[in-house]
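Here's the structure we're looking at; comments come further down.
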Amino acid sequence: MALRLVILGRQGSGKGTQAIRISESFGCIHISTGDMLRAAVAAGTELGQQADAVMKSGGLVGDDIMNGIVAERLAADDIMANGVLLDGFPRTSDQADALERIGADQGVAIDLAVNLEVAVDIVRERMVARGREDDTPEAIDKRLSLYEEQTAPLLDWFAARDLLATIDGVGSEEDVFGRLSAAIDKVSQ
């Protein structure tokens, strides 16, 4: 069964690490918003050209363009055959509504959204410890605040559709992956 999954979680929750493991274990293709944008630009699609123009001007790609790029990517043969793990999309309830419409149009729907739950103080410590140049205390606080404001409402959106599994993201990489795998196994049967 080709799974269609979404991974959610605050920055620093271990989402990137676990996304790679999920993709390898379940055979679905891990796609981030950035990957989709770069692929559309490289392919020179109409939406890719529009996104390229917006990004070159320093703007943020709007939902209309992003939703179209996602629809194009999800219709690709590799995704139809293997499934997908979306990372970074949807970011808002409006994008989730668009994803639901895309799934209905393509005759496939999201099977599960997994949320890696890690407390704010822990993710803040993790981000400071990784020592990235852009991980200043101010930048970290801004990103976490934006997550709470824009992305956290997605948890309610997915829960209302009985598509949400909240996973404890604290523990060893192996323990967290075990909890994720158990949740995904329930929908893949």
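What the table shows:
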{"quantity": "Scope the stretch 141-165; condition modelled with pLDDT under 90 and closer than 25 Å to Ser181 by Cβ; matching residues", "calculated": "Tyr147, Thr151, Ala152"}
{"quantity": "Inter-residue pairs, beta-carbon under 6 Å, first closer than 14 Å to Glu100 by Cα and in the stretch 159-173, second surrounded by fewer than 17 Cβ atoms within 10 Å (Cβ to Cβ), 6+ apart", "calculated": "none"}
{"quantity": "Unmet requirement for Glu138, which otherwise passes all of (1) at pLDDT 95 or above; (2) assigned to a helix (DSSP H, G or I); (3) more than 17 Å from Leu85 (Cα to Cα); (4) among the charged types (D, E, K, R)", "calculated": "(1)"}
{"quantity": "Extreme residue, nearest to Gly14 (Cα to Cα), among residues of the stretch 98-116 that are touching a residue at least 12 places away in the same chain (Cβ under 8 Å) and either exposed (fewer than 15 other Cβ atoms within 10 Å of the Cβ) or over 16 Å from the mean Cα position of the chain (by Cα) (or both)", "calculated": "Ala109"}
{"quantity": "Any chance Asp134 is out of contact with any His (no Cβ under 6 Å at 6 or more places or on another chain) and surrounded by fewer than 15 Cβ atoms within 10 Å (Cβ to Cβ)", "calculated": "yes"}
{"quantity": "Subset of the stretch 4-18 (residues that are modelled with pLDDT of 95 or more and more than 18 Å from Leu155 (Cα to Cα))", "calculated": "Gln18"}
{"quantity": "Meets criteria (touching a residue at least 24 places away in the same chain (Cβ under 8 Å) and under 26 Å from Gly103 (Cα atoms)) for Phe177", "calculated": "no"}
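The values are calculated or read from the model by the stated rules, or taken from the named source; none is laboratory data. All of these numbers come straight from a predicted model, not from anything done at the bench. Neighbour counts are summed over all protein chains in view; Cβ atoms, including those assigned to glycine, are modelled from backbone coordinates with ideal geometry.
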